Amino acid sequence: MMLKKTIVLKLLVGFVYASIILDYAESSYSGVGGYHDEMRRIALVKAAHTVRNRASQPQSYSTVTLVPQRSRVHHATEYGADPTGRLDSTEALQQALSDAFGSQVDAHLMEGVADLGGAEVHLDGGTYTISHPLRLPNISGGNFMIHGGSIRASDNFPGNRHLIELWPSSSSLLYEDITLKDLMINSNFRGGGISVINSLRTTIDNCYISHFTTNGILIEGGHETYIRNSFIGQHINVGGSHREKDFSGIGINIMGNDNAVTDVVIFSASIGILVAGQANVLTGVHCYNKATGWGGTGIYIKAPGLTQTRILNSYFDFTGVVAEDPVQLQITGSFFLGNAFVLIKSLAGVVCGVNIVDNMFSGDYTGVKIVQLDQSNGPFTNIEQVIVDRNTVRGMVLKSTVARGSVWNNGTTWAVDFSKVLLFPDLIKNVQYTLHAGAKFPNHVLRNVSGNRVTVESDMPVTATLHVSVDQSMVGYI
Ligand SMILES: *[C@@H]1O[C@H](CO)[C@@H](O)[C@H](O)[C@H]1NC(C)=O
Ligand SMILES: *[C@@H]1O[C@H](CO)[C@@H](O)[C@H](O)[C@H]1NC(C)=O
Ligand SMILES: *[C@@H]1O[C@H](CO)[C@@H](O)[C@H](O)[C@H]1NC(C)=O
């Protein structure tokens with residue numbers, strides 16, 4: 001019995017790939033053929049190393065078929081893109097994208113999304129000027145990466161577009177597992193940086209995005225865009241910029257669900273991150289984009305009624321968090337510096353399932369409250385499971401939804417005023433008290449809790465201390 005085997009050797013010679021396809025017959029009854037084949041293989045490998053410098057192949061290697069196999073790495077410079085940024089490279093880069101999307105393998109990711117087999121557009125460390133967006137081709141594709149260089153908008157780049165666009169032109173087309181990595185994106189104050197629309201599982205990693213007028217990154221629809229380890233700012237500065245009051249635009253505009261922003265700095269923009277979707281998680285974000293005092297916001301949660309946003313281990317540097325009618329919002333392990341605070345804004349008066357716990361707040365002793373309510377559109381009327389507790393505060397006014405207090409008196413009335421510390425006005429859902437009256441046994445009663453002021457009265461004058469604990473949340477309440 002004869003077995004036919006094919007060995008494909010891929011050798012990287014400088015920048016040139018050479019592939020050798022070796023067809024040979026091997027006797028399955030003898031180990032001897034294997035030895036000779038191995039020797040022949042080694043000879044071929046040596047020969048292949050010299051391919052680049054030789055005009056023609058020696059005839060003696062008649063069994064060798066050299067098949068030019070295009071690499072899946074599409075180098076921008078090989079397409080005539082200008083790595084100095086002087087000439088317009090839009091067409092060259094678009095052609096590289098087009099070729100990458102042409103090299104599909106016989107597989108798919110999600111149904112209907114062709115597998116590009118790990119194809120890459122490699123920017124070769126150059127800086128390229130483009131006058132039109134680099135929009136991914138109008139065919140589906142996944143398992144693809146653009147990386148390793150700088151892209152800059154020309155002076156006539158359209159102001160309503162983004163430099164790199166994952167934007168399927170039909171709703172049935174999808175991009176999946178596209179990676180944008182190790183990029184410097186300069187929008188040249190002509191529009192935005194990257195847009196990811198109706199795409200699945202996109203990675204944006206180690207990108208520096210600047211000089212945008214609209215969004216650094218726009219996510220719209222789709223699922224699971226993961227932005228990590230990136231620096232995003234309209235104007236390049238390290239804080240205290242004299243232009244700060246003019247900062248505009250949005251660092252990351254999330255109009256979709258299930259995305260993650262991890263270890264990202266937003267150093268200039270009017271809004272650092274705008275969240276208008278559900279189930280997004282923001283971790284390790286440092287916002288010093290535009291101070292609250294100039295009208296800026298670090299993270300703006302604009303998904304009234306249901307947000308399911310988690311803000312974890314983040315750093316709000318003179319700019320804070322705004323949440324409109326939040327339902328299911330977690331802010332924890334974060335640091336608020338320079339009077340930065342959380343503002344809960346009423347639209348329809350809803351605030352439910354909100355945890356603001358275990359954070360640090362630091363300010364300048366001018367009386368700024370760590371959590372504030374904006375009830376200019378009407379008061380909060382639907383308040384459930386809101387817990388603001390265990391925050392440490394220095395130089396700001398602590399606000400909380402749970403509080404404890406004690407007061408001593410010699411008489412028949414004891415009152416503890418919680419109105420300064422409790423977040424919601426005139427709301428005590430649960431109160432517990434103890435009247436510690438020494439040797440006496442007076443009858444006493446909880447007389448009043450209105451205005452966040454707890455009053456206890458006794459039926460005879462005694463010297464006693466009142467201990468009170470109050471709660472504005474209904475967690476665990478039956
Ligand atoms: C994209 O491709 C689809 C299907 O081939 C086609 O119907 C559509 O017109 C194309 N859109 C653009 C903008 O070229
Ligand atoms: C409490 O008040 C009464 C009179 O109202 C007085 O006789 C008594 O000394 C007071 N006790 C203390 C500890 O001040
Ligand atoms: C409870 O206290 C409020 C002021 O905090 C007062 O207006 C109200 O009359 C008191 N209610 C009772 C029953 O004493």
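The values are calculated or read from the model by the stated rules, or taken from the named source; none is laboratory data. Remember, it's a predicted structure, so these values are computed and weren't measured experimentally. We place every Cβ from the backbone using ideal geometry, glycine too, and count neighbours over all the protein chains shown.
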- Of the residues Gly239, Gly216, Gly249, which single one is at pLDDT below 95 and more than 10 Å from the chain's Cα centre (by Cα)? Gly239
- Within the stretch 436-454, of all residues that are assigned to a strand (DSSP E or B) and buried (at least 19 other Cβ atoms within 10 Å of the Cβ), the one farthest from ligand 3 (Cβ to nearest atom) is His444
- Query: Restricting attention to the stretch 135-148, does a residue exist that is part of a helix (DSSP H, G or I) and buried (at least 20 other Cβ atoms within 10 Å of the Cβ)?
  - Reply: no
- Task: Please give the number of the condition Gly117 fails out of (1) in a strand (DSSP E or B); (2) under 24 Å from the mean Cα position of the chain (by Cα).
- Result: (2)
- May I ask you to verify whether Phe361 is under 15 Å from Ser400 (Cβ atoms) and among the hydrophobic types (A, V, I, L, M, F, W, C)? yes
- For Leu97, are the conditions met, namely being in contact (Cβ under 8 Å) with a residue 40 or more places away in the chain and part of a strand (DSSP E or B)? no
- Item | Residue count, the stretch 270-306 (criterion: in contact with an Asp or Glu (Cβ under 9 Å, 6 or more places away or on another chain), farther than 17 Å from Gly240 by Cβ and assigned to a loop (DSSP other than H, G, I, E, B)) | 8
- Query: So which residues in the stretch 405-426 are free of Cβ contacts under 8 Å to residues at least 24 places away in the same chain and loosely packed, with under 13 Cβ neighbours inside 10 Å?
  - Reply: Lys420
- Message: Going by what's in this entry, would Asn382 be described as under 33 Å from the mean Cα position of the chain (by Cα) and loosely packed, with under 14 Cβ neighbours inside 10 Å?
- Response: yes
- Task: Name the single residue, out of those in the stretch 163-198 being of a type in the set (Val, Ile, Thr) and crowded, with 24+ Cβ neighbours inside 10 Å, that is nearest to ligand 3 (Cβ to nearest atom).
- Result: Val196
- Output for the stretch 460-478, where each listed residue is within 16 Å of ligand 2 (Cβ to nearest atom) and loosely packed, with under 14 Cβ neighbours inside 10 Å: Met460, Pro461, Thr463
- For Phe441, state whether it is at pLDDT below 95 and either touching a helix residue (DSSP H, G or I) at 6+ places or on another chain (Cβ under 7 Å) or not aliphatic (A, V, I, L, M) (or both). yes
- Task: Considering only the stretch 152-178, state which residues are out of contact with any Gly (no Cβ under 9 Å at 6 or more places or on another chain) and more than 16 Å from ligand 1 (Cβ to nearest atom).
- Result: Ser154, Asp155, Asn156
- Query: Do we have any residue at all in the stretch 442-459 that's in contact with a strand residue (DSSP E or B) (Cβ under 6 Å, 6 or more places away or on another chain), within 16 Å of ligand 2 (Cβ to nearest atom) and among the polar types (S, T, N, Q)?
  - Reply: yes
- Of the residues in the stretch 124-151, how many are away from ligand 1 (no atom under 16 Å from the Cβ) and over 16 Å from Gly102 (Cα atoms)? 13
